[in-house]
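Quick notes on the structure that follows.
Derivation of every value follows stated rules applied to the coordinates shown; laboratory data play no part. Predicted model only: the values in this text are computed from it and were never measured. In this analysis, Cβ positions are derived from the backbone assuming ideal geometry, glycine residues included, and neighbour counts consider all displayed protein chains.
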Amino acid sequence: MPIVFDLVAVAGILAITLYGSLQVWRSWQEARLATRYFGQEIELLQEKIERQQQISQVAVSRAKDAWEGFRKFELRGKILEAEGICSFYFAPHDGKPLPPFNPGQYLTFKLNIPNEDKPLIRCYSLSDSPNHPDYYRVTVKRETAPRDQPNLPDGKSSTYFHHVLNPDDIIDVKAPSGHFYLDTEHQNPVVLIGGGIGITPVLSMLNTITAMDSQREVWFFYGARDGSELIMRDHFSQIAQQMPNVKLNICLSRPRKEDQLGIDFHHKSRVSVALFKELLPSNNFDYYICGPAPLMDSLTSDLYDWGVPKNKVHFEAFGPATVKSVRDTQSEPASASTDKQLTIELKRSGKQIPWSTSSGSILECVEAAGAELDSGCRAGNCGACEVAIIGGAVDYPNEPGAPVEAGNCLTCVAIPKENLVIDA
Ligand SMILES: Cc1cc2nc3c(=O)[nH]c(=O)nc-3n(C[C@H](O)[C@H](O)[C@H](O)COP(=O)(O)OP(=O)(O)OC[C@H]3O[C@@H](n4cnc5c(N)ncnc54)[C@H](O)[C@@H]3O)c2cc1C
C-alpha cells in the first residue's frame, strides 16, 4: 500500500512539475516571441528614423551646395559603354562639394560648339546614384542622321560629347533638376522601364535602390533592339544576383544570332503591358518609364487601360517628338467647339501669327510661320526659350521642368490661353 501511495504521489509530483515546466516554457516562449516582435518593430523604427535623417541631411546639403545659373565642370573620365554610347564623369572645377540630386533628374549643359553662332543647350539625365559626392555621371548616345535622310547632319551636342570633349576639358553645367524622379521616402513596389538610351534615369534609380540596400520590390525592364545596343549588362546581372528583391528583365525585339536567350536576355519581345500581365503579381506598382516615343505611347495608354491610376505612371521624355506624342495621348482631342483660334504677336518684329489648338506649342507655331525663337531642350526643362509675356496669358498642358519667372513663359511647352503678345 505505501508503495502504491508513493507511486501515486510521485506521479502527482511529476505531473505538477511537468505542468509547471510547461507553463514556464510557454511564458518563456511568449516572452521570446514578444522580444523578437518588439525587436523587429524597434529595428523597423530605427530604419525609418535613419531614412528620415538621411533625407533631412540630403535636403540640407542640397540647399547648401546648389548653385544658380551655370557652373564650370571638368571632364574627369570618358568610358565607352557600347557602340555609340559613352559615359562622362564630371567634377566641379571649383573643387567645392556637389549637392545630391533625386535619382531620375538631369543636368543642363551649355556647349560652345565651334562654328555655331550661339551656345547650344542640351539636357542629359544623371545615370549614377547620388551616393557619389565627388562626381556627376551622364551617359550619352551619339545621334546620327536619320536612316531615311542620311544627308542631314549628325546630332550636334551628342557628336560634340563623343568626338570633341576630352578629359580635363571644361564645360558649363546647370544644377540637377526635373520632376521625374524616384520616391525614396516610401518603399512601395516599383516597375522601372528603360527603352534604348532612355535607360539612363532608371539606371540612376536602380543604383540608388542598390546603394540604399532597400528591400522594396523592383521589377526592372530594359528594352533594346539587340545585344549590341545594351549598356552595363554585367552590372545589371550583378545587382539581380545580389538583391533577390530586384527582378531583371532584358527584352530584345530583334536579337542577333550571338544574343543567347536566358543568358544575354530574358524575352524576345518589346517591353509591353502584355508582358507585365504575364510576370507581375498585380498591377499595383508605381511605374517609371523613359524611352522612345512609340514605347512611351503604348506603355502609358496600355497601363491606363489596365486600370493603373495616372498618378502611379511617371515618365520622362527625351526630346520634342516624344514630348509631343505623349502629350497627345494625355490630352483630350480637340473638337470643333474646343479648337481655339488665337493670335501670337511678336512685339519686336510686329509679326502676327495665327494659332489654333493643332498648332502645338508657341515655339512650334512661331517656327512653322518662318520666324525664330531661342530654344534648347524643347521639352520645358532647360529654360533657354523663356520670354516675357507683354499681353495675354498661357497654359501648360504638362507642368514644365524648369522654373518660370512670373510674367514669363517657356515657349517650347506653353500654349496661348488668349491672344498673346511676347517680347520676341
Ligand atoms: C530631360 C532630358 C534628358 C535627356 N537625357 C539624355 C541621356 O541621358 N542620354 C542621351 O543620350 N540623351 C538624352 N537626352 C536627349 C539629349 O538632350 C539630346 O536631345 C540628344 O543628345 C540629341 O541632341 P543633339 O544635339 O546631338 O542632336 P540634334 O542636333 O538636336 O539633332 C537631333 C536629330 O535630328 C537630326 N537632324 C539634324 N538636322 C535635321 C533637320 N534639318 N531635320 C530633321 N532632322 C535633323 C540629327 O541627325 C539627329 O538625329 C535627354 C533629353 C532631355 C530633354
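Rounded to the nearest 10 degrees, the inclination of helix 320-330 to the longest alpha-carbon principal axis of the chain is 60 degrees.
Using +1 at the C-beta of Lys and Arg and -1 at the C-beta of Asp and Glu, which of PHE220, GLY198, PRO397 has the Cα lying farthest in the positive direction of the dipole of the chain? After comparing all options, I get PHE220. The packing ranking of peptides 301-309, 416-424, highest mean first, is 416-424, 301-309, where packing means the average number of other beta carbon atoms within 10 angstrom of each residue. Karplus-derived 3J(HN,Hα) values for the stretch 278-286, using 6.51 cos²θ - 1.76 cosθ + 1.60 with θ = phi - 60°, are 6, 9, 6, x, 6, 8, 7, 9, 9 Hz; glycine and proline are entered as x.
Listed by chain and number, the lysines whose C-alpha is less than 16 Å from the C-alpha of LYS247, apart from same-chain residues fewer than 8 away, are LYS277. For VAL394, the amide hydrogen comes within under 5 Å of the amide hydrogens of LYS417, counting only partners 5 or more places away or on other chains and with H modelled in the peptide plane. The charge dipole of the stretch 70-177, taken about its Cα centre with unit charges on the Cβ atoms of Lys, Arg (+1), Asp and Glu (-1) only, comes to about 240 debye.
Using Cβ point charges alone (K and R +1, D and E -1), the dipole size of the chain about the Cα centre works out to roughly 280 debye. For a test of the definition: using alpha carbon positions, the gyration tensor, and the 1.5 limit on a/c, classify the chain as rounded, prolate or oblate. Cα axes put the chain in the prolate bin. The 3J(HN,Hα) values that the Karplus relation (6.51, -1.76, 1.60; θ = phi - 60°) gives for the stretch 365-382 are, in residue order, 5, 5, 5, 5, 8, x, 9, 10, 10, 5, 7, x, 6, 6, 9, x, 10, 9 Hz. Gly and Pro appear as x. In summary, the lysines within cross-link reach of LYS340, defined as a Cα separation below 21 angstrom excluding same-chain residues under 8 places away, comprise LYS324, LYS351, LYS417. Scanning residues 5 or more positions from HIS93 or on other chains, those with amide H under 5 Å from its amide H are LYS72, PHE73, GLU74, with H placed 1.01 Å from N in the peptide plane.
Residue by residue, the stretch 412-423 carries 3J(HN,Hα) couplings of 6, 10, 8, 10, x, 9, 8, 3, 10, 10, 10, 7 Hz when phi is fed to the Karplus relation 6.51 cos²θ - 1.76 cosθ + 1.60 (θ = phi - 60°); x denotes Gly or Pro. Computed over the stretch 55-189, relative contact order equals 32 percent, with contacts defined as Cα pairs under 8 Å that lie 6+ residues apart. Taking the longest Cα principal axis of the chain as reference, the axis of helix 293-305 is set at about 50 degrees.
Considering Cα pairs under 8 angstrom that are at least six residues apart, work out the relative contact order of the chain and quote it in whole percent. Relative contact order for the chain comes out at 11 percent.
The trypsin sites (Lys or Arg not before Pro) of the stretch 103-193 that DSSP puts in a loop, and whose beta carbon has at most 14 other beta carbons within 10 Å, are ARG147. Once backbone amide H atoms are built at 1.01 Å from N, GLY223 has GLY194, GLY195, GLY196, CYS251 as its partners under 5 Å, excluding neighbours fewer than 5 places away on the same chain. Label the stretch 341-422 by shape, choosing from rounded, prolate and oblate, from the square roots a ≥ b ≥ c of the eigenvalues of the Cα gyration tensor; if a/c is under 1.5 it is rounded, and otherwise prolate applies when a/b is larger than b/c, oblate when it is not. Cα axes put the stretch 341-422 in the rounded bin. About its Cα centre, how strong a charge dipole does the stretch 341-422 have in debye, to the nearest 20, once Lys and Arg get +1 and Asp and Glu get -1 at the Cβ? For the stretch 341-422, the charge dipole is close to 160 debye. Could you work out how far helix 199-211 tilts from the main Cα principal axis of the chain, as a 0 to 90 degree angle to the nearest 10? Value to nearest ten degrees: 30.
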